[in-house]
Amino acid sequence: MARALLKGNVAFAEAAVRAGCEAYFGYPITPQTEALEHMAKRMPELGRAFVQAESEVAAINMVYGAATAGVRVMTSSSSPGVSLMMEGLSYIAGTRVPAVLVDVMRGGPGLGNIAPAQSDYAQMVRGGPHGDMKMIVLAPATVQELIDLTVEAFDLAERYRCITVVLADGSLGQMMEPAELPPMRTPRAADERPAWALTGARGREPHALTSIYLDPEQEEAYNLELQATYRAIEAAEVRYVEERLEGARIAVVAFGTAGRLSLTAIDAARAEGIEVGLFRPVSLYPFPEERLRQLAERVDALLVVEMNAGQMIDDVRRVTRERVPIRFYGRTGGVVPMPEEVLEAIRGLHAELVREEAVA
Amino acid sequence: MTVPTLTPRLTPVVSYPEALAPTPTHYCPGCTHGIAHRLVAEVIDELGIREDTIGVASVGCSVFAYNYFAVDFAQAPHGRAPALATGIKRTSPDKLVFTYQGDGDLASIGSAEILHAAARGENITVVFLNNAIYGMTGGQMAPTTLPGQRTTSSPAGRDPATQGYPLRMSELLAQVDGAAYVARRSLHDVANIRRAKKALRKAFEVQQQGLGFAMVELLSSCPTNWGLSAQDSLEYIRDVMVPAYPLGEFKVPETEGREAR
């Protein structure tokens, strides 16, 4: 498959098709609607399921239904739509069925706007859905990563019987850049569905897929099974990208688009002689805790850059126990910071370090 | 004198449905859920579809329906059973998918999901129990509660001026082009129970034939929250609910005649 100029929303939708996605349920919302439109055309022509639902509430519950039937299923939406999906996400997690959600974040709160934002980090990483539950959250920074992580999301969801979220933003959904799509995978045959799926109780005991356990002891035991799965995910599925960190005194910590644009600022700063690199978490859950902790032991300061008012920074503080100074630069409400702004923040932090050294 | 043989030569005329699990239910004495469960199970047995059927339980007293039916089951969030059923049916078109929902679930919190499942002509069967009250949470006003009916959240009786009017879901959904079969039946006596079973059978057959959305509304009792005895509850259905919720087939497939009320 050759590289082609691809729009993010179309790219991840087609990547899902090629990953063997058998059912898509969604509702139009900017800035991800092109994904729904792509699926509206592609899924029926391949004989797969597509429904434009009456709401995101219905869409996620259609996903839930198809997931209980044991097929590869996904939905995509943007922030306000994803808020409506919280109920269904909790049930899907509570029933331990696999599903994939692509969230193309936009400015909020409320109706907000349709500009790129990262202000749903806390919602997706630390809850949103009720109950002691986690979703794997993967943050792409390029259209290529958006494609690759969407494919991977299906495998992870199935491996752990959990929800995998691809947390993109409006700029990734709307931008076009060269990328390569994966080869077409043949979807599973109907008789190859997982053993736990609802396929009709033919020659076996009936299956019940449910999330209700009235006895608190039983509910707790079930929760502990979920927690064991989360520990396994934390041990095996950490993903991050490091750039220019060799010998760096300052590490910029940023995910997704914020990480990408920070790299431009980092190169400009390095050209000015500032030793700065980038630590870009790709898996936001599981958060790359160990690696970040080690990093905080060898740099002098961290600069967290986000397209929100400061959400991932709480995790950076927690993980590093603030053993080095942590500064924040963010724009919110759909404003994408310019690399020059990040460069200015790097210069400021660098100047701070130089002043401290002078005092010492 | 020869002693007559004592070997019984009896032919069973009624037996426990295969599609009903041999589990005692948690339903209150006098509740008609048990009758409705049995009717659905008998229909599944008669059509020979037990191993090809997937049920969707809802939120309400029937939340544990999956413990009582010997078929594969999913359990939906409150009101969302038609959406789950859509997801299952669209990816398992060779299976028979039914939801089992109460009136709070279907007519209140799930009103959008049921309306649009009907509008899409979703090829599923909906079993809708209407007892005009929220049973599981302890007797609050439902969208189907009758004017003047006392509940814990309409203690002075439902006042349409401030609490609105009851929704007649069968009549409403029968207006939708995607609905192939919509009927209301009652479980208050034997004759009506037999009619209810016939309607349920039709609702599954409509799905087998791929004709579209099918729903059977069953007028049901809630002795506990109505504050009536089991017998008085059945009479309440007959005397109060049936006049407010007329029985009948509101939509039938074009090839079929309407059954008399």
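For this structure, a couple of remarks:
- Number of the exception - A:Val97 against (1) within 30 Å of A:Val336 (Cβ to Cβ); (2) buried (at least 24 other Cβ atoms within 10 Å of the Cβ); (3) within 13 Å of another protein chain (Cβ to nearest Cβ): (1)
- Residue ranges of strands (runs of 3 or more DSSP E) in region A:238-343 with at least 2 members acidic (Asp, Glu): A:240-243
- Residues located in region B:107-162, provided they are assigned to a loop (DSSP other than H, G, I, E, B) and within 14 Å of chain A (Cβ to nearest Cβ): B:Gly110, B:Arg120, B:Gly121, B:Glu122, B:Asn123, B:Ile124, B:Met136
- The residues listed here are A:Val276, A:Val282, A:Val238; of these, the one that is at pLDDT 95 or above, more than 14 Å from chain B (Cβ to nearest Cβ) and crowded, with 22+ Cβ neighbours inside 10 Å is A:Val276.
- Of all residues in region A:37-56 being surrounded by fewer than 23 Cβ atoms within 10 Å (Cβ to Cβ) and over 23 Å from A:Glu180 (Cβ atoms), the one that is nearest to the other protein chains (Cβ to nearest Cβ): A:Glu54
- Filtered residues of region A:288-308 (kept if within 22 Å of A:Glu344 (Cα to Cα) and either exposed (fewer than 15 other Cβ atoms within 10 Å of the Cβ) or in contact (Cβ under 8 Å) with a residue 60 or more places away in the chain (or both)): A:Glu306, A:Met307, A:Asn308
- Residue-level analysis places B:Leu96 among those that are more than 8 Å from every other protein chain (Cβ to nearest Cβ) and either under 17 Å from the mean Cα position of the chain (by Cα) or of a type in the set (S, T, N, Q) (or both).
- Residue in region A:167-182 that is on the phi > 0 side of the Ramachandran plot, at pLDDT 95 or above, of a type outside the set (Val, Ile, Thr) and assigned to a loop (DSSP other than H, G, I, E, B) present: no
- Taken as a whole, the condition of being part of a helix (DSSP H, G or I) and surrounded by fewer than 20 Cβ atoms within 10 Å (Cβ to Cβ) does not apply to A:Glu205.
- Residue match in region A:69-80 (condition: more than 7 Å from chain B (Cβ to nearest Cβ), touching a helix residue (DSSP H, G or I) at 6+ places or on another chain (Cβ under 9 Å), free of Cβ contacts under 8 Å to residues at least 60 places away in the same chain and surrounded by fewer than 24 Cβ atoms within 10 Å (Cβ to Cβ)): yes
- Here A:Gln311 qualifies as surrounded by 19 or more Cβ atoms within 10 Å (Cβ to Cβ) and either in the same structural domain as A:Gly8 (by TED's automatic domain parsing) or among the polar types (S, T, N, Q) (or both).
- Residues of region A:217-242 classified as of a type in the set (D, E, K, R) and over 20 Å from the mean Cα position of the chain (by Cα), total: 4
- Some residue of region B:26-48 being within 18 Å of A:Ile212 (Cα to Cα), within 16 Å of the chain's Cα centre (by Cα) and either more than 9 Å from chain A (Cβ to nearest Cβ) or surrounded by fewer than 24 Cβ atoms within 10 Å (Cβ to Cβ) (or both): yes
- Failed condition for A:Val104, given (1) within 13 Å of the chain's Cα centre (by Cα); (2) part of a strand (DSSP E or B); (3) surrounded by fewer than 24 Cβ atoms within 10 Å (Cβ to Cβ): (3)
- Residue in region B:65-81 that is surrounded by fewer than 18 Cβ atoms within 10 Å (Cβ to Cβ) and more than 9 Å from chain A (Cβ to nearest Cβ) present: no
- In region B:179-261, counting only strands (runs of 3 or more DSSP E) that sit wholly within it, the ones holding 2 or more residues that are farther than 18 Å from B:Thr99 by Cβ and in contact with a strand residue (DSSP E or B) (Cβ under 9 Å, 6 or more places away or on another chain) span B:248-251.
- If the condition is being over 14 Å from B:Leu115 (Cα atoms) and surrounded by fewer than 24 Cβ atoms within 10 Å (Cβ to Cβ), then region B:159-184 contributes B:Asp159, B:Pro160, B:Ala161, B:Thr162, B:Gln163, B:Gly164, B:Tyr165, B:Pro166.
- Only residues that are within 17 Å of the chain's Cα centre (by Cα) and either of a type in the set (Val, Ile, Thr) or under 19 Å from B:Ala112 (Cβ atoms) (or both) were counted in region A:61-89, giving 10.
The values are calculated or read from the model by the stated rules, or taken from the named source; none is laboratory data. Keep in mind the model is a prediction, meaning the values are calculated, not measured. Don't worry about glycine lacking a Cβ; one is built from the backbone with ideal geometry, like all the others, and counts go over all protein chains shown.
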